[in-house]
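Participant: Okay, here's the structure, questions in a sec.
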Amino acid sequence: MDNRTKDQKELVVNWHITEACNYHCNYCFAKWDKQKNELINDDKAISKLMDEIQKLPSILNDKYLTDFESIRLNLVGGETFLNIRKVLRITHQAKQRQFSLSAITNGSRLNNELVTLIASNFDSIGFSVDSLDSSTNIKIGRTEKTGVMDTDKVLRDISLIKELNPSIDIKINTVVSSLNRLEDLSAFIDQVAPRKWKIFKVLPVITRENEVSQDDFIEFLERHSSFGNIISSEDNDEMTDSYLMIDPIGRFFQNSILGSGYSYSAPIVDTSIKEALNEINFEPQKFHGRYKTNLITMQEVF
Ligand code: SF4
């Protein structure tokens, strides 16, 4: 009998569909030199990329003796929901291929139409929330002409999504940096009641500005230890070479903590996903560690 859960059979592919974002967080790692030819502008390229992604489970199973059966396409940015028409096209194509869908958003552009789109088509939606304090959000860069990030609106949108789809997984992502390391997000997390709260230590890919020490990071985790059952945390080593990430122009890319920036494969739509996969470092044990056990408990972190 196969006792594995859906999470354990699902291959998660993170596609950064756009670099564009209305915020400018100082530690943002979603930077690929503002390429003009983002795939989301080209329906044929989206379709080809999706066809190639569909081949990944069997390629990985052959290569690494993994046992993936399905795909969850995780849409990330930039800000994923800046352009609803483009997200609609991707959603349609993903559904045609029976991919599950999830996304990460800063929540700023959600309106009724997007809330309904998410509730009706996505299995999971993650909100990135680092601070409840407007002055900290301004320092982080979570602000635009129309104002600073509104975490009360994020709460209202989450509650609407849950109302429309009570079985959707709500996740919160928090990056701990020197700017928010002393903050207590407990009240917010209590209200959202997410299935998972991912807490990341700021990753020095683009800049070392606002780094935190391991002690500060652990202190942040300890302050929120009452949420230990939903927290998964990742330090820099765990985040390296363990995600399957595709950039806006359709290349696999990987972080390296040895240098700054990324290494890339050739564009998947110009070659094949099998060849592109050979051009990056991918560590299936780390990947499996993340999605198989799913939660790295507080005890394991300490
Ligand atoms: S909201 Fe996300 S994508 Fe936008 S600037 Fe901040 S970290 Fe980058």
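Participant: List the pairs whose first member sits in the range 214-238 and is buried (at least 16 other Cβ atoms within 10 Å of the Cβ), whose second member is among the aromatic types (F, W, Y) and modelled with pLDDT under 95, and whose Cβ atoms are under 6 Å apart, counting only residues at least 6 apart or on separate chains?
Facilitator: That search, which allows pairs on different chains as well, returns E234/F200.
Participant: Continuing with this model, one more query. Between a residue in the range 12-25 that is under 19 Å from F99 (Cβ atoms) and any residue that is within 9 Å of the ligand (Cβ to nearest atom) and of a type in the set (A, V, I, L, M), which pairs come within a Cβ distance under 9 Å, given they are 6 or more apart or on different chains?
Facilitator: N14/V76; N14/I104; W15/V76; H16/A30; H16/V76; I17/V76; T18/A30
Participant: Out of all the residues in the range 112-141, which are out of contact with any helix residue (DSSP H, G or I) (no Cβ under 6 Å at 6 or more places or on another chain), away from the ligand (no atom under 11 Å from the Cβ) and part of a loop (DSSP other than H, G, I, E, B)?
Facilitator: F122, D123, D133
Participant: Now for a separate question. Report yes if some residue within the range 225-244 is more than 21 Å from E183 (Cβ to Cβ), among the hydrophobic types (A, V, I, L, M, F, W, C) and at pLDDT 80 or above; otherwise report no.
Facilitator: Checked the range 225-244: at least one residue is more than 21 Å from E183 (Cβ to Cβ), among the hydrophobic types (A, V, I, L, M, F, W, C) and at pLDDT 80 or above.
Here is a yes/no grid of residues against (1) surrounded by fewer than 16 Cβ atoms within 10 Å (Cβ to Cβ); (2) at pLDDT below 95; (3) closer than 24 Å to I168 by Cβ; (4) of a type in the set (A, V, I, L, M, F, W, C):
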position	(1), (2), (3), (4)
C25	no, yes, no, yes
D51	yes, no, no, no
V87	no, no, yes, yes
I90	no, no, yes, yes
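Participant: Considering only the range 60-79, how many residues are crowded, with 16+ Cβ neighbours inside 10 Å and either part of a strand (DSSP E or B) or at pLDDT 95 or above (or both)?
Facilitator: Qualifying residue count, the range 60-79: 7.
Participant: Kindly indicate whether any position in the range 155-169 is modelled with pLDDT of 95 or more and within 16 Å of the ligand (Cβ to nearest atom).
Facilitator: Yes, the range 155-169 contains at least one residue that is modelled with pLDDT of 95 or more and within 16 Å of the ligand (Cβ to nearest atom).
Participant: Part of a loop (DSSP other than H, G, I, E, B) and either surrounded by fewer than 21 Cβ atoms within 10 Å (Cβ to Cβ) or among the β-branched types (V, I, T) (or both), is that true of F29?
Facilitator: yes
Participant: Further, regarding this structure: Could you figure out which of (1) farther than 24 Å from V176 by Cβ; (2) within 16 Å of the ligand (Cβ to nearest atom); (3) of a type in the set (K, R) isn't true of K31?
Facilitator: Just one mismatch for K31, condition (1).
Participant: Restricting to the range 142-189, what's the tally of residues that are assigned to a strand (DSSP E or B) and in contact (Cβ under 8 Å) with a residue 24 or more places away in the chain?
Facilitator: The qualifying residues number 10.
Participant: I've got another one for you. For the range 80-111, which positions are farther than 23 Å from D33 by Cα, within 16 Å of the ligand (Cβ to nearest atom) and not in a strand (DSSP E or B)?
Facilitator: G107, S108, R109, L110
Participant: Here is a further query. Among the residues of the range 123-150, count how many are closer than 25 Å to Q54 by Cβ and surrounded by 21 or more Cβ atoms within 10 Å (Cβ to Cβ).
Facilitator: 2
The values are calculated or read from the model by the stated rules, or taken from the named source; none is laboratory data. Worth saying up front: this structure is predicted, and the values here are computed from it rather than measured. Note that each Cβ is placed from the backbone with ideal geometry, even for glycine, and that neighbours are counted across all protein chains shown.
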